[in-house]
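The structure appears below as structure tokens.
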């Protein structure tokens, strides 16, 4: 059995196996890893409770029984037809009992087996250190603008035209607003978000600009890591402008689930009730009535005028170096925006410090 001090990032084993529980794996894992748990979530909790109540001996005996049963299942399924030369790298939380026990059995069979010294904790330290090192070296161009101006649509268009783009909302599975929950997928855990972020940033050419939307520090329940955030708020900014009616039309397209799904309409109503802390009861009651009556244009216009547009006045980003105007978000007009982007002097750094968030 080989004990590997470094992560398997410079070579590609045939199988990279995370033997932690499914919940641990779901929170975060090494890129390309598959989950073959030695203990299920329920078993891990049971063993932990037994350890606290009676001590480590009884807990390890129960854990060993569960581990043997689960490993036997994996041998009957995942490993049943793998050739002898199939290279395997395993890790658990910190390179302890779970991965060592599994590795001992695989090595006895004859597979070439490597253990990651320190397990997942080694990988986690790698993610944090890599973000600290990489983020300050990247060259960002920030696209700012009022809610509904199509900043994300512009980023996708830039990507289709061959530009480097960081889509933080996609990585976070959230549109970064009170109503931004993704209807199709939950948000990842913070650790998983940071791992996905590192994977994305590592693919960029640091000599070429990266376009990114001006997000809040928090995207839903997730936080942008500080090294990246400090770079973003110091980067040059361009401001996207779209006519108000076009903004409303775009938002109604983008948030169709509120219009068509009764469960999401209930969610919308509940989220808007939170705004009673910022707006009068009469205003929020008007929004709730608009939801009940299906007056979506009226609701969207009022939310923009009374809530979202005033919020835009508070920002941590630099003042824009120039405006980007478009009458619509069709492909032709977005190409015109791209031309405007290319004519801006992105090297121009305003001497004004970023404004404090109020």
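Which of the residues that make up segment 277-306 are within 29 Å of the chain's Cα centre (by Cα) and surrounded by 11 or more Cβ atoms within 10 Å (Cβ to Cβ)? So that I can check it myself, show each step before the final result.
Filtering segment 277-306 down to residues within 29 Å of the chain's Cα centre (by Cα) leaves 277-278, 300, 303-304.
Within segment 277-306, 278, 300, 303, 304 qualify.
Applying the set (1) part of a helix (DSSP H, G or I); (2) surrounded by 15 or more Cβ atoms within 10 Å (Cβ to Cβ); (3) in contact (Cβ under 8 Å) with a residue 24 or more places away in the chain to residue 230 leaves exactly one unmet item: (2).
Of the residues making up segment 296-317, those that are within 25 Å of residue 210 (Cα to Cα) and touching a helix residue (DSSP H, G or I) at 6+ places or on another chain (Cβ under 7 Å) are 316, 317.
Please pick out the residue among 268, 252, 242, 222 that is surrounded by 15 or more Cβ atoms within 10 Å (Cβ to Cβ), touching a residue at least 60 places away in the same chain (Cβ under 8 Å) and within 25 Å of residue 166 (Cα to Cα).
Values: 268 fails: within 25 Å of residue 166 (Cα to Cα); 252 fails: touching a residue at least 60 places away in the same chain (Cβ under 8 Å); 222 fails: touching a residue at least 60 places away in the same chain (Cβ under 8 Å).
Going through 268, 252, 242, 222 in turn, the sole match is 242.
Per the conditions (1) part of a strand (DSSP E or B); (2) surrounded by fewer than 16 Cβ atoms within 10 Å (Cβ to Cβ), the sole criterion not satisfied by residue 205 is (1). Looking for something surrounded by 12 or more Cβ atoms within 10 Å (Cβ to Cβ), over 29 Å from the mean Cα position of the chain (by Cα) and in a loop (DSSP other than H, G, I, E, B) - is there at least one such residue anywhere in segment 312-319? Checked segment 312-319: no residue is surrounded by 12 or more Cβ atoms within 10 Å (Cβ to Cβ), over 29 Å from the mean Cα position of the chain (by Cα) and in a loop (DSSP other than H, G, I, E, B).
Throughout, read-outs are computed from the coordinates displayed, never taken from laboratory work. The structure displayed is predicted, hence computed values, not measured ones. So basically every Cβ, Gly included, is an ideal-geometry build from the backbone, and we count neighbours across all protein chains shown.
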